[in-house]
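Notes to accompany the following structure.
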Amino acid sequence: MSPSSLLPDLAPWRASRDFRLLWTQGLVTYFASAMAMIALPLQIKDLTDSPLAVGAMGAVELVPLVVFGLYGGALADAVDRRKVIVWTEAGLGALAGLLLLNSLLPEPLLWPLYVVAAGVSALAGLQRPALDSLLARIVPHEHQTAAAALNSLRWQIGSIAGPSVAGLVVALAGHAPGYAVTIAGFAVSVLMCRRLSPAPPAHDAEKPSLRGIAEGARYAWSRPVLLGTYAIDLAAMFFAFPNAVFPFLADDLDAEWALGLMYAAGSVGSLVLGLTSGWTSKVRRHGLLVAGGAAAWGLAIAAAGWFGNVWLVLLCLAFAGAGDMLSGLGRSTIWNQTIPEELRGRLAGIEVLSYSVGPQLGQLRAGVTAGWTGTRAAVWSGGVACVAAVGLLCLALPKLLTYDSETDEDSLRRKAQQTAAVG
């Protein structure tokens, strides 16, 4: 394998102006969101000193994410997707403004933090189906893996810089500066999203409805390959997503200075994989990427909970991030290569649940388990459970492992549909 074959495939960047806009806008948003991602749980910890209170964010965010994620999928099939993206970005910026105002009070209140967390979850649920379904429209079928790799690379850059800087900013200046950066980032993002090309629905698209959502769910249920991607991601995140207890893990390791690095370590591993992801454009068996990456994630999280040296913990978290990205590349490619355009928004809503509900429940699981068994035991036991769950799901859904993009009927049908639309 030549060194050049490892470099990221830039074909989607060269081929699509809208992809370049979304990539750049997303980088700004991810950086801004990462600042708030650090400041918010730290503020709850400072106010309560309770791992359960921090983990409870996952419970607060869960219902809005489920309800608005499903509705957002139906909405993405019925209205201009660009408008959904613009308005939800503006709403997220406004919620960051509320966090800033609360942090400036002489005695900041706890309950607004949970209210804003629920609001952010609702808006994210509305937005992500529009974003994800737009990618399937603006990037050619054969470039979907490359586009997923570039998007993940963008996310990693933002999530590395954001937590690393945020940990220092919050420690030195308090929570308010982190929220201020978040507001500025969303303001820039709204301006960039307004430059996207219109993305109107099909002329015969139906209004959002429960019947339409159910139609999308029936389609997903009838496709074992799709079910496998959803189930493995849910299991991996539920059992092995320990971010909520990182502040307490840092305390256990006597390394409070490393908290920002803990949040960033997974992104470092993903970034390294992203910078060497050129080979993934040639992969045809994307189900193997989904399962193998999720198993690697679980093993690395288990090791992170077992070791008592902070540098080994950070290394394990970096390996976990690489495994998660590998699994994510497989999921995104299968979704965008097999789902028909008329159902893309509604299935994207289900995808939001698969990769978002898991982390929310995972935060709650980690917080509750840490209260019972201690922080490190909560981390390593979750990693072991993740590996076991992935193995069982592969046995139950064997078609995921045999998926081949060159022979799968849904993939070939979607490719023909996209070719006809371009023509």
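The values are calculated or read from the model by the stated rules, or taken from the named source; none is laboratory data. A quick note: this is a predicted structure, and the numbers were derived from the prediction, not measured. Because the Cβ atoms are built from the backbone with ideal geometry, glycine has one as well, and the counts that use them run over all protein chains shown. All accessible areas refer to the heavy atoms of the entire protein, side chains included, with ligands and DNA or RNA removed. Shrake-Rupley method; radii C 1.70, N 1.55, O 1.52, S 1.80 Å.
Expressed as cubic angstrom per residue, what is the convex hull volume of the alpha carbon set of the chain? Show your work: numbers first, answer last.
On the way: hull volume 54.8 nm³, N = 423.
Enclosed volume per residue, from the Cα hull, is 129 Å³.
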Exercise. Size of region 90-168 along its principal axes in angstrom, Cα-based, largest extent first?
Worked result: 55, 29, 16
Exercise. Applying the Karplus parametrisation 6.51 cos²θ - 1.76 cosθ + 1.60 with θ = phi - 60° to the phi angles of region 110-116, what ³J(HN,Hα) value in whole Hz is obtained for each residue in order, glycine and proline being reported as x?
Worked result: 7, 4, x, 5, 6, 4, 5
Exercise. Which angle between 0 and 90 degrees, to the nearest 10, do you get for helix 259-275 versus the longest principal axis of the chain when only C-alpha atoms count?
Worked result: 30 degrees
Exercise. Expressed as a fraction of 2.2 N^0.38 Å, the rule-of-thumb size for a compact globular protein of N residues, what is the C-alpha radius of gyration of region 197-293?
Worked result: 1.60
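Mind giving me the FRET efficiency for T373 and K207? R0 is 45 Å, r the Cβ-Cβ distance, nearest 0.05 is fine. Please report the intermediate quantities before stating the final value.
Numbers: r = 49 Å, r/R0 = 1.08.
Computed FRET efficiency for T373 and K207: 0.40.
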Exercise. Residue by residue, what Karplus-based ³J(HN,Hα) values in Hz, rounded to whole numbers, does region 208-219 have, using 6.51, -1.76 and 1.60 with θ = phi - 60° and x for Gly and Pro?
Worked result: x, 7, 4, 5, x, 4, 5, 4, x, 5, 5, 4
Seminar exercise, completed: Rounded to one decimal in nm, the spacing of the 7 Å Cα→Cβ label points at R137 and A187 is 3.0 nm
Seminar exercise, completed: Nearest 10, in degrees from 0 to 90: the angle of helix 286-306 to the longest Cα principal axis of the chain is 10 degrees
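Would you mind getting me the FRET efficiency between S50 and W257? Use the beta-carbon distance for r and R0 = 25 Å, nearest 0.05.
Numbers: r = 22 Å, r/R0 = 0.88.
Plugging the Cβ-Cβ distance into 1/(1 + (r/R0)^6) gives 0.70.
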Exercise. How much of the accessible area of the chain, probe 1.4 Å, is carbon plus sulfur, in whole percent?
Worked result: 70 percent
For this session: Evaluate the relative contact order of region 73-196 (contact order divided by residue number), counting alpha-carbon pairs under 8 angstrom at least 6 apart; express in whole percent.
Result: 47 percent
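Add -39500 (n - 2.57) for each DSSP H run of 4 or more in the chain, then divide by its residues: what number comes out at 222 nm, to the nearest 500 deg cm²/dmol?
Values: 17 runs with 335 residues, N = 423.
Value at 222 nm, helices only: -27000 deg cm²/dmol.
Set the Förster radius R0 to 22 Å, insert the Cβ-Cβ distance between V272 and T24 as r into 1/(1 + (r/R0)^6), and round the FRET efficiency to 0.05.
Working: r = 22 Å, r/R0 = 0.99.
Computed FRET efficiency for V272 and T24: 0.50.
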Problem set entry | Whether region 4-45 is rounded, prolate or oblate, judged on the alpha carbon gyration tensor where a/c under 1.5 counts as rounded | oblate
